[in-house]
1. Step through the residues of segment A:152-168 one at a time and calculate ³J(HN,Hα) from phi using the Karplus curve (6.51 cos²θ - 1.76 cosθ + 1.60, θ = phi - 60°), rounding each to whole Hz and writing x for Gly and Pro.
2. How much net charge surrounds B:D267 when only the other residues with a Cβ under 14 Å from the Cβ of B:D267 are counted, with Lys and Arg +1 and Asp and Glu -1?
3. Can you give the translational diffusion coefficient of segment B:37-165 in µm²/s, computed by Stokes-Einstein from the Kirkwood radius over Cα pairs at 10 °C and 1.306 mPa s?
4. Kindly compute the accessible surface that chains A and B hide from a 1.4 Å probe when together, both sides summed, and give it to the nearest 100 Å².
5. If you line up the Cα atoms of the protein assembly as shown on their principal axes, what length do they span on each, largest first, in Å?
6. Above 24 Å lies some portion of the pair distances; for segment A:2-216, what is it as a whole percent of all C-alpha pairs?
7. With a 1.4 Å probe and all protein chains kept in place, how much accessible area does A:L168 have, in Å² rounded to the nearest 10?
8. Using the eigenvalues of the Cα gyration tensor, what equivalent ellipsoid semi-axes result for segment B:136-229 when each is taken as the square root of five times the eigenvalue, whole Å, largest first?
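The values are calculated or read from the model by the stated rules, or taken from the named source; none is laboratory data. Owing to the predicted nature of the structure, the values given are computational and were not obtained by experimental measurement. Glycine also receives a Cβ, built like all others from the backbone with ideal geometry; neighbour counts cover every protein chain displayed. Ligands, DNA and RNA are stripped out before the accessible areas are found, and what is left, the full protein with its side chains, is counted by its heavy atoms. Shrake-Rupley method; radii C 1.70, N 1.55, O 1.52, S 1.80 Å.
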Amino acid sequence: MEIWHFITQNWRELITLFGEHAYIVGIAIIIAIFTGVPIGIWISFNKKAAEIVLYIAGIIMTVPSIALFGIMIPVLSIFGHGIGSVPAVVALVLYAQLPIIRNTYAAIKNVNPNIIDAGVGMGMTRSQVLLKVQLPMALSIIFAGVRVAVVMSIGIGAIAAYIGAGGLGHYIFMGINQTYDAMIKVGAISVAIMAIGVDYIFGLIENRLVSKGLRLS
Amino acid sequence: MITFERVSKIYPGTNIPAIDNVRFEVPEGEICVIIGPSGCGKTTLMRMINRLIPITSGVISIKGQNVSEMDVIKLRRSIGYAIQQIGLFPHMTVYDNIATVPRLLKWDKQRIAARVDELLSLVGLEPDIFRFRYPRELSGGQAQRIGVVRALATDPPVMLMDEPFGAIDPINREVLQDEFLRIQEKVKKTIIFVTHDIHEAIKMGDKIALLETGRLVQYDTPEGLLVNPKNRFVKDFVGADRALKRLDLLKVKDAMMQNPVHCHMEDDAEVVSQHMLENELTFLLVADQNEKLHGYVNHYELKGHHGKVKDLVRPMTITVKPEQNLKDALSKMLSYDIGIVVVVDDDGKLLGVLNTRTLLSVVGETYDERGGVWGKITSRGRI
């Protein structure tokens, strides 16, 4: 009841915060996909690079999220973007790298070598093998990584409010400061709804893109 | 057509060559089976042809062209390639799988569609049913057929096949082998076929190249390998039952006694009876003027009969064709409990007879050395 009351009173602000949250996470995920997938592909050809990249991405994952956002402030203030959405996006991109890179790498590495051999033996170039065989076969595992990254980013994105980036975390932090239960709940539930909804949409996209031949019967 | 000249392969970091100074030539339109125990280098040798494995020294050439000097992508696209465990692309339909190389070669759509239908029909798969299936929706045998026709897609003169029927159960394997040989009759490709199964090698090969630890031990016809194994290794490899395997390989026409003694329908019974008596014949084959077999006569019945042979002729129900293999003929003789079987062609014309003696003499040829020919053994007991 209390929650409903809060929403009816503050729906304009709620929509704004929801939009900010989606914007920060959306930008971060797009950047993360367009960096993480190519890095994952690249390291699947280069064992040494794979070790180093996966190690670094692993370390970044272990940094507590609130600390990572904190680190962004002094580093990015050099460029005049210490607080606000820029450090938030940068931190989220870094976080999202590990699941995306690791899944892309594992997926490409896992393609049955017999099938790659068939492609090479029939006269496909290296890039044709990658585009026509390895990537289509790896797609569903890559997608799984992206979905983990998206859901995680939406959750961690709440902390971005701490460095002034706005978003639904604003309600959570303010609710905690003011011991205003309804505000915390509205913030948290909205984050959860966004995560579930986006994950569902990605599931639909995955179904469209992944070949029917790869689905389990 | 495909020649190997002093071909060697030494993997980096090893001293022992995986392929050691191999030289032989595969004539155009023949199936050459490369066989040997596991680790002998048979797959390595095959993969050196389309340069999936680089050659250390020596020359492999196709139609006189050194493969090492050709553009590697063009080389591979010009060679049909079918591998172990099928290697179909699971994310592509049957159509897309078969269309792989035609698309790489930029064929237009209509030409590809027509070719896919043609190939599916060739292996007895209805195009309208199978065209848009995925590999996981196919049985093992169907998938294997698609693997083979995919290699045939652009009608390449040369095909490499690495144990293409290895993953199939024995009964279906026989069916696929027969089907493949029928197709080969029509398309006459030059084929390098790798297997570890000596039965398959004998059945499929026009020539067999037997490898042992990277060296070519014997390159011969299946017949030559069975009859004249070069050494102990070859003999052991082809198996103790090589005489029986030879029955599989030889045709009835190779072993039959030609122009067997017989009489004609219109011959006089008394004359024939007299002849049979003089020559100690109990039975005699009967043909007509065109040498078409009508049956046989029995001396006991013929004796004292006034008239023609045709009055007493009995039909001959069990016959074999000259193109059947000796194993089939022998099993027919054993299952009908007869010591002789008559060979007729499709029109029923009498060509010859096959009896256990002629059969065994063919088998006996396999053993041409110690223990083979003992001379005449009599029943005199201790000497």
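1. Coupling constants for segment A:152-168: 5, 5, 5, x, 5, x, 4, 6, 4, 4, 4, 9, x, 8, x, x, 5 Hz.
2. -4
3. For these conditions, the coefficient is 102 µm²/s.
4. Summing both chains' loss of accessible area gives about 2000 Å².
5. Computed over the Cα atoms, the extents are 131, 59, 57 Å.
6. 50
7. Solvent-accessible area, nearest 10 Å²: 0 Å².
8. The answer is 25, 15, 13 Å, longest axis first.
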